[in-house]
1. Inspect the stretch 99-114 for any residue being over 29 Å from Glu213 (Cβ atoms), touching a residue at least 60 places away in the same chain (Cβ under 8 Å) and touching a helix residue (DSSP H, G or I) at 6+ places or on another chain (Cβ under 7 Å) and give the result as yes or no.
2. Could you run through the stretch 223-248 and say how many residues are over 28 Å from Val75 (Cβ atoms) and surrounded by 18 or more Cβ atoms within 10 Å (Cβ to Cβ)?
3. If you go through the stretch 42-72 one residue at a time, how many are of a type in the set (D, E, K, R) and buried (at least 19 other Cβ atoms within 10 Å of the Cβ)?
4. Looking at Gly93 and the list (1) under 28 Å from Phe232 (Cβ atoms); (2) under 27 Å from the mean Cα position of the chain (by Cα); (3) not acidic (Asp, Glu), which single condition is not satisfied?
5. How many of the residues making up the stretch 216-270 are of a type in the set (Phe, Trp, Tyr) and touching a Gly at 6+ places or on another chain (Cβ under 7 Å)?
6. Scanning for something buried (at least 21 other Cβ atoms within 10 Å of the Cβ) and free of Cβ contacts under 8 Å to residues at least 40 places away in the same chain, does the stretch 256-276 turn up at least one residue?
7. Determine whether the stretch 90-109 contains at least one residue that is among the β-branched types (Val, Ile, Thr), surrounded by fewer than 18 Cβ atoms within 10 Å (Cβ to Cβ) and not assigned by TED's automatic domain parsing to the domain that holds Glu159.
8. Right, Ala104: more than 30 Å from Val150 (Cβ to Cβ) and either assigned to a helix (DSSP H, G or I) or of a type in the set (Ser, Thr, Tyr) (or both) or not?
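The values are calculated or read from the model by the stated rules, or taken from the named source; none is laboratory data. This structure is a prediction, so every number in the text was calculated from the model and none was measured. Glycine gets a Cβ as well: all are built from the backbone with ideal geometry, and neighbour counts include every protein chain shown.
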Amino acid sequence: MNIFLTRKIPQAGLQLLEQSGHTITIWEEKRDLLPSELIDFCLKNDALLSAGPSKIDAAFLEACKHLKVIALHSVGFDQVDIAAATALRIPIGNTPGVLSDATADTAFLLMLATSRKAFSEHKRILEGNWGFFEPTAGLGIEIKGKTLGVFGLGSIGFEMARKCVGAYGMKVIYHNRGNNLKAEQELGAVKVSFDELLAQSDILTVHTALTPETKGLFDIGVFKKMKPGSIFINTARGAIHNEADLIQALEQKLIWGAGLDVTNPEPMDPSNVLLSMPNVAVLPHIGSATVETRNAMSVIAARNILAGLAGERLPFVVNEEIYANLKLEVKN
């Protein structure tokens, strides 16, 4: 059978696909596929492994309803119309679990970099401004013993909280739809309302999925409810915060700083004012960018592809409901 990859993936997963005997086609150009190009390629293939921002919407799925499986090289699946895929009985696979540590490390890095204005202080060296010492210049804030607020305390949020408790003895509060008993028992985390999370957090870190409910949630009204000395961290999805409102909140000192691994849009315009703010740290969506994590993600994506082509249940499937009758109808 034929498999189309929108990016070259790490060798660990690519090798699994190559050894399977299936024919592999990889998009090699350093640009994103146009929607029409993605359809054209997939019409000639039986499976799609999507890495990157390609939209897998209802129009694409209807045009390519012959696909036996679509595997994402990510844990997030907001770029996929899951309802349309389910209606067409196309299993969608993702890569959960394996990137929790790496993404939590990135959130922790952003917290430290923001609190000490590390990015802007590094720029001072490059600009030749490391000169006269001023005791009151470039001051950051300490985070030891502060309150960490976690919006979306799943596996990534748990790892971030664990690091903060272990390193800095931070108090953990969180806001979830349900209780995270493991975090409560092991980290002393306390579940609070959304408004309490905003009012009490010194560091507010976002680890939730992008949904209609969370899209644009962190707007000027929300930032006004946060502590003036607080730091906002987002390593989830850029669309969860309103970027214009975030800039306004920082300019008006409604919050102290921000650390972002995700922006809206991506890539960020290099003239964006956030990049020149001393109390802001921005990274280019590198949350899972370690050798170990990307290799693990590639293996899971490959396993999802191979299971789908064999008519088997995907090891990591998003739309579980297609297996509700416990028997997958294999596409001929």
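1. Yes, the stretch 99-114 contains at least one residue that is over 29 Å from Glu213 (Cβ atoms), touching a residue at least 60 places away in the same chain (Cβ under 8 Å) and touching a helix residue (DSSP H, G or I) at 6+ places or on another chain (Cβ under 7 Å).
2. Number of matching residues: 1.
3. Number of matching residues: 2.
4. Unmet for Gly93, out of (1) under 28 Å from Phe232 (Cβ atoms); (2) under 27 Å from the mean Cα position of the chain (by Cα); (3) not acidic (Asp, Glu): (1).
5. Residues flagged as of a type in the set (Phe, Trp, Tyr) and touching a Gly at 6+ places or on another chain (Cβ under 7 Å) within the stretch 216-270 amount to 1.
6. Checked against the condition, which is being buried (at least 21 other Cβ atoms within 10 Å of the Cβ) and free of Cβ contacts under 8 Å to residues at least 40 places away in the same chain, the stretch 256-276 yields at least one hit.
7. No, the conditions are met nowhere in the stretch 90-109.
8. No: the conditions fail for Ala104.
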